[in-house]
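J.: Dropping the structure in here first, questions after.
Only the coordinates and a few stated rules stand behind these numbers; no lab work does. Computed from a predicted structure; not experimentally measured. No Cβ is skipped: glycine too gets one built from the backbone with ideal geometry, and neighbour counts run over all protein chains shown.
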Amino acid sequence: MRASNAGIRVGVVRALYRYPVKSMRGEAVDALELRWHGCAGDRRYAFVRGDNGSSFPWLTGRQIPDLLRYAPYFVDPADPFRSPVWARTPDGADVPIDCAELRAELAARYGAAVHLLQSNRGTFDAAAVSLIGAATVRALGERLGRDLDPLRFRPNILIETAGAVPRLEDRWVGGLLIFGDRDDAARVRLNQRDKRCMMIGLDPETAEHDPRVLRAVARDDETCAGVYGSTERPGVVRVGDTIRLVAGDE
C-alpha cells in the first residue's frame, strides 16, 4: 500500500535532531536516516565512568551539567557511520572525540577516570527513537512563564501536531507513525511515554539548571513528556514530512 493512502494525518515534522555523543549537545539536521537501531549517527558514542559498574555507567549531564555545552559533530555529516567525530569544547577548542586531552578534561571535571565507548547499536536509555510535540513544549513553557528550547527534551523528531494540541502524541502510544508520502516511507511504532529525569531541567545552551521544569512535568504529566518508539520500517525522515497515524499494520 502506498503511504499516501494509509492512516490519518496527525501532523508534520517540524525539526530533526541527532546526538553524536550521549549527553553532549545535539545538532539539527534536515533529514535523518532511520535504521533498525535508531537514527544514523545518533548516540553512537558515550563516555563511561570508570568508577561505576552499574547498568547505567554513562557520564551524563547529571554528573557534569556542562557536558551539554560540548558540541560534537561529524567531519563528514553525510556519512555518520564512517565519519570521524570531533567536538567543540565550551572554551571554543575543536578536538577529536577520542583524543586523550578531551578524556583527561572530562575526567578532571568528573573526579574519576572516564573512557570513550563506541556502539553501532546506540547508547539509549530506553528506546532508539524519541518524539515530542512542539505544542507540548510550548504549553509547558507557558506554565512556567518562559520559552523552552525543544533540545532540552533531546528528541529525535519534533512534531507539529494537528491543531497544536499539547500532549497529543501521548494518545498515539501503541500506534504506527508513517513519515512522508513516499512508497518507502519510514515507519515508527510508538511503544511508551517518555519518563523524564532532572536532565530536562538543564538549558541545552548554558547548562543552567531550572528544577521547576521537572517539577511541573511530575505534577501535571506523571513525569512524562514525549514518547518513545522503535523502527518498524527503515527509511528517511525529512523536515516537513506529513505524519500519518494508523492503529495497526497496513
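J.: Among Cys99, Cys39, rank each residue by its count of other Cβ atoms within 10 Å, from fewest to most, as a rough exposure measure. Intermediate values should be presented prior to the final figure.
T.: Details: Cys99 13, Cys39 26.
Going from least to most buried by this count: Cys99, Cys39.
J.: Return a whole-number percent for the relative contact order of the stretch 3-246, with Cα pairs under 8 Å and 6 or more residues apart as the contact set.
T.: Working: 574 pairs, mean separation 70.4, N = 244.
About 29 percent, as a whole number.
J.: Quick check on the chain: helices-only [θ] at 222 nm, where DSSP H runs of length 4 and up contribute -39,500 (n - 2.57) each and the sum goes over total residues. Nearest 500, please. Present the calculation step by step, with values, prior to reporting the outcome.
T.: Working: 3 runs with 32 residues, N = 250.
Calculated from helices alone, the mean residue ellipticity at 222 nm is -4000 deg cm²/dmol.
J.: Among DSSP beta bridges lying fully in the stretch 3-103, give the percent that are antiparallel, nearest 5. The partial results should precede the final answer.
T.: Details: 13 of 14 bridges.
So the antiparallel bridges amount to about 95 percent of the total.
J.: Further question: Could you calculate, for the stretch 3-246, the ratio of the Cα radius of gyration to the Kirkwood radius, expressed as Rg to Rh?
T.: On the way: Rg = 17.7 Å, Rh = 18.4 Å.
Using only Cα positions, Rg/Rh for the stretch 3-246 is 0.96.
J.: Right, next: What whole number of Å gives the distance from the Cα centroid of the stretch 161-226 to the Cα centroid of the stretch 33-96?
T.: Result: 21 Å between the Cα centres.
J.: Can you give the Rg to Rh ratio of the stretch 54-177, both from alpha-carbon atoms, with Rh computed by the Kirkwood formula? Display every interim value, and only then the final one.
T.: Details: Rg = 17.7 Å, Rh = 17.3 Å.
Here Rg/Rh amounts to 1.02.
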